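A short worksheet on the structure shown next.
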Amino acid sequence: MAAIEKLMDKLVSLCKRRGFIFPSSEIYGGLNSCYDYGPLGVELKRNIKDFWWKAMVQSRDDIEGLDASILMHPRVWEASGHIANFTDPMVDCKVCKARFRADEIKPEKAGQCPRCGNKDALTEARNFNLMFKTFMGPVEEAANVVYMRPETAQGIYVNVYNVMQSSRQRIPFGIAQIGKAFRNEITPGNFTFRTREFEQMEMQFFVKPGTDMEWFEYWKAQRIAWYDGLGVRKNKLQFHQHGPTELAHYAAAAFDIEYEFPFGWKELEGIHNRTDFDLKRHAEYSGKDLSYFDDATREKYVPYIVETSAGCDRTVLTTLIDAYDEDVIEGEARTVLHLAPVIAPIKAGVFPLVKKEGMPEVAQKIYQDLKKHFPVFYDDGGAIGRRYRRMDEAGTPFGITIDGQTLQDQTVTVRDRDSLVQTRVANDKLLPFIQEQMAAYKRVD
Ligand code: GAP
């Protein structure tokens, strides 16, 4: 494994070089903490979102999907508590003008600027609201203020009965959504780990009060298992329970799923028992009755909510970090991404050994056939070893080589990115062979 301290630099460079992630507006010098996903990155991100959607919506009978708007009625954010509570304490250095979150300054270094080192240089902490504010319509006045949503969850809460009635669901049931969220973070950083614009994959599960902790435990187990399916190494994941001072304003219980990033154990996903806080507040602020009537038991109650809230960009970053490796093959260094086939942007590279003797024609046919089923990359340029290396860096799990023997017996070699084993497979068995290999994939550490 690459030395930890260099890993982030190497990964950032690979992301740019191979088209996973670029700095935003780069020709203008970039925009702090904003990133664009390139051709491979957008595929990886889509695959992760699809994998989540399949697990959380399509494979279940008790969860429905939603895509709510980013801009919502401003009263939503009063009801949710974000206007009053969604703040971070901020301090400024009077000497070098750097800005920090006050809760990130170590108590033994109180007053000392982490950047310039001057003592007694920091201002008193001031609360800073993390929501981005904008105006609806042409007039910039207080009555027209709207906020860019800081979490996707609220779009779900205000739609709970629209979804429940239209889909004929009954409690317990959930609503899932993937979408952008915005937070004016004081200290974004660590590449895409903390940014001001990011995507969340959130699911809100509505349950009868009293059953909430049981569902909370259920969702904890489900969610950590999901990362296993994604190919993330188990020993790099842990739960972190929120203590009383860490709990968000809405949560009665909360666990983070943390990943061991090169910069420490950090939150990847939050699982929260939000009680009936949100629906009660929306009932109060909207004047609408948001209680649920259970026909079977004749009971009326405000549902409790168990939330699973994952960051999509953070998951992309996690899969890249977890997959990154360097090794030496036949005396030559290689960089490889051990991405699980289900999320790999390209599933197979197709390589005619030479650009003659009918090999390109056979390779093209194989390429066109496989392309109907999953993304494949055709490469006939340069030595075969270099073509393999390029696909290793892109995280492509299989390399298919069309060689002299192919022309005689209609077989090709399939090279496994991780084990480097080469298997001869009949051309007409290639698709089922690759599909079986993908289904049987297990991450080898
Ligand atoms: N609805 C609950 C909620 O938003 P959160 O713990 O504040 O909870 C959930 O955020 C997830 O969203 C985090 O675990 C993280 O993966 C992602 N996330 C939060 N802030 C982020 C940021 N500034 N940049 C990237 N991802 C972020």
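The values are calculated or read from the model by the stated rules, or taken from the named source; none is laboratory data. The structure presented is a predicted model; accordingly, all values stated were derived computationally and were not measured. Cβ placement follows ideal geometry from the backbone for every residue including glycine, while neighbour counts extend to all protein chains displayed. Calculation scope for accessible area: heavy atoms of the full protein, side chains included, ligands and nucleic acids excluded. Shrake-Rupley method; radii C 1.70, N 1.55, O 1.52, S 1.80 Å.
Quick notes on this one:
- Value in Å of the Kirkwood radius, where the range 330-406 supplies the Cα pairs that are averaged: 12.8
- Mean projection area, nm², convex hull over Cα of the range 301-445: 11.6
- Inter-centroid distance (Cα atoms) of the range 83-108 relative to the range 195-218, Å: 29
- Residues whose amide H falls under 5 Å from that of residue 350, counting only those 5 or more places apart or on a different chain, are 377, 378, 379, 400, with hydrogens built in the peptide plane.
- The range 235-269 versus the range 341-393: alpha-carbon centroid distance in Å: 41
- Qualifying trypsin sites (Lys or Arg not before Pro) for the range 231-313 [loop in DSSP, other Cβ within 10 Å: at most 13]: 288, 298
- Spatial separation of Cα centroids for the range 1-64 and the range 147-192, in angstrom: 20
- Extending 7 Å from Cα along the Cβ direction at residue 139 and again at residue 333 yields two label points whose distance is 6.4 nm.
- Proportion of all alpha-carbon pairs of the range 52-110 beyond 19 Å (%): 64
- Convex hull of alpha carbon positions in the range 9-60: directionally averaged projected area 4.5 nm².
- Largest mean-square fluctuation among 232, 302, 145, in a Gaussian network model of the chain whose springs join Cα atoms under 10 Å apart, belongs to 145.
- Cα-based shape type of the range 88-145, given that a ≥ b ≥ c are square roots of the gyration tensor eigenvalues and the cut on a/c is 1.5: prolate
- A crude spin-label estimate for the pair residue 32 and residue 162, with each label 7 Å from Cα along the Cβ direction, gives 3.6 nm.
- The range 101-197, accessible area per residue, ligands and nucleic acids excluded (1.4 Å, Å²): 53
- Residue 253 long-range amide H proximity, modeled H, under 5 Å: 273
- Amide H contacts under 5 Å for residue 63: 174, restricted to partners 5 or more places along the chain or on a different chain, H placed in the peptide plane at 1.01 Å from N.
- For the chain, a Gaussian network of Cα nodes joined below 10 Å ranks 210, 331, 111 by mean-square fluctuation, and the top entry is 331.
- Within the chain, the cysteines lacking any other cysteine Cβ closer than 4.7 Å to their own Cβ are 15, 34, 312.
- D (Stokes-Einstein, µm²/s), Kirkwood Cα radius, the chain, 1.306 mPa s at 10 °C: 65
- Solvent exposure of the range 1-100 amounts to 54 Å² per residue of accessible area, where only protein heavy atoms count and the probe is 1.4 Å.
- On the chain, 50 percent of the accessible area sits on carbon and sulfur atoms, based on a 1.4 Å probe.
- Cα extents of the range 104-215 along the three principal axes, largest first (Å): 62, 47, 27
- If you take the alpha carbon atoms of the range 209-339 and fit the smallest convex hull around them, that volume is 138 Å³ per residue.
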